[in-house]
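Engineer: Structure incoming, see below.
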Amino acid sequence: MNDAATLADPRADKVEIENLIKVCYEMVSGPAGPRDWSRQDEIFHPDCRQIRTGVDESGQPWMRTFSLDEYRADADAKLATMDFYEIALVNRIEVFGNIAQAWSSYEAKTRPGDAPSERRGINAFHFYKGPNGRWQIIAMIWDNERDGLRLPADMTGF
């Protein structure tokens with residue numbers, strides 16, 4: 001059998017995926033104002049969905065789903081007047097053939113060197129390795145810590 005999955009190098013795949021996560025965080029991070037979305041089409045699959053989750057005041061779960069264009073517009077509106085830096089803590093990556101997933105814990109800060117963080121959470125990424133041999137983010141869903149919900153110890157990076 002001579003297919004791409006058989007010839008794949010899992011270590012190289014994980015390095016490529018780790019870089020996609022890094023670029024994703026860099027893209028949304030920066031001083032107040034619009035972000036540089038020039039790499040969005042490179043790292044995200046055109047059919048990607050990004051999903052923000054949380055709970056309302058009564059503790060009921062909610063989610064909001066975005067296309068790439070919708071996410072870009074929403075993020076630019078939120079970050080127009082806010083310095084925001086998202087920093088990866090731990091990336092747990094698994095690869096199988098042309099699919100992969102990563103749980104990436106993060107902390108958000110107003111300035112990169114600030115301590116403590118403004119908030120922490122987990123981004124769950126799904127990746128697809130297309131016919132061109134490149135990995136792209138096909139789905140992303142995230143949630144933040146809150147009362148009663150803390151990062152698992154192995155995802156804190158400490």
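Engineer: Would you check which residues across the range 86-120 are within 16 Å of the chain's Cα centre (by Cα) and more than 22 Å from residue 15 (Cα to Cα) and list them?
Structural biologist: Residues satisfying the conditions are 108, 109, 119, 120.
Engineer: Further question: Filter the range 75-101 for residues that are touching a strand residue (DSSP E or B) at 6+ places or on another chain (Cβ under 6 Å) and of a type in the set (D, E, K, R); which is nearest to residue 51 (Cα to Cα)? Let's see the steps before the verdict.
Structural biologist: From the range 75-101, those touching a strand residue (DSSP E or B) at 6+ places or on another chain (Cβ under 6 Å) are 85-94, 98, 100-101; that's our starting set.
Narrowing the set further to residues that are of a type in the set (D, E, K, R) leaves 86, 92, 94.
On the way: 86: 16, 92: 19, 94: 21 Å.
Step by step, filter the range 75-101, then rank; the result is 86.
Engineer: Considering the range 38-66 alone, what residues qualify as being among the aliphatic types (A, V, I, L, M) and surrounded by 15 or more Cβ atoms within 10 Å (Cβ to Cβ)?
Structural biologist: Initially, the range 38-66 is screened for residues among the aliphatic types (A, V, I, L, M), giving 43, 51, 55, 63.
Hits for the range 38-66 are 43, 51, 55.
Engineer: For the range 23-55, name all the residues that are closer than 19 Å to residue 118 by Cα and among the acidic types (Asp, Glu).
Structural biologist: 26
Engineer: Inspect all residues belonging to the range 131-141 and state whether any of them is in contact with a strand residue (DSSP E or B) (Cβ under 6 Å, 6 or more places away or on another chain) and over 26 Å from residue 13 (Cβ atoms).
Structural biologist: We begin by selecting, within the range 131-141, every residue in contact with a strand residue (DSSP E or B) (Cβ under 6 Å, 6 or more places away or on another chain); these are 135-141.
With the extra rule that they be over 26 Å from residue 13 (Cβ atoms), the set shrinks to none.
No, the range 131-141 contains no residue that is in contact with a strand residue (DSSP E or B) (Cβ under 6 Å, 6 or more places away or on another chain) and over 26 Å from residue 13 (Cβ atoms).
Engineer: Could you list, ordered by first residue, the pairs with Cβ atoms under 9 Å in which the first is in the range 92-121 and farther than 15 Å from residue 25 by Cα and modelled with pLDDT of 95 or more and the second is buried (at least 17 other Cβ atoms within 10 Å of the Cβ) and among the acidic types (Asp, Glu), at least 6 apart or interchain?
Structural biologist: What qualifies is 93/13; 95/13; 100/13.
Engineer: Let me ask another. Since residue 35 meets every condition but one in (1) touching an Asp or Glu at 6+ places or on another chain (Cβ under 7 Å); (2) of a type outside the set (Val, Ile, Thr); (3) surrounded by 15 or more Cβ atoms within 10 Å (Cβ to Cβ); (4) outside any loop (DSSP other than H, G, I, E, B), which condition does it not meet?
Structural biologist: Every condition holds for residue 35 apart from (4).
Engineer: Examine the range 118-125 for a residue that is out of contact with any helix residue (DSSP H, G or I) (no Cβ under 9 Å at 6 or more places or on another chain) and under 23 Å from residue 41 (Cβ atoms), and state whether such a residue exists.
Structural biologist: yes
Engineer: Just the residues that are more than 25 Å from residue 136 (Cβ to Cβ) and within 13 Å of the chain's Cα centre (by Cα), please, taken from the range 43-79.
Structural biologist: none
The values are calculated or read from the model by the stated rules, or taken from the named source; none is laboratory data. Everything numeric here is computed off the predicted structure, so don't read it as measured data. Glycine gets a Cβ as well: all are built from the backbone with ideal geometry, and neighbour counts include every protein chain shown.
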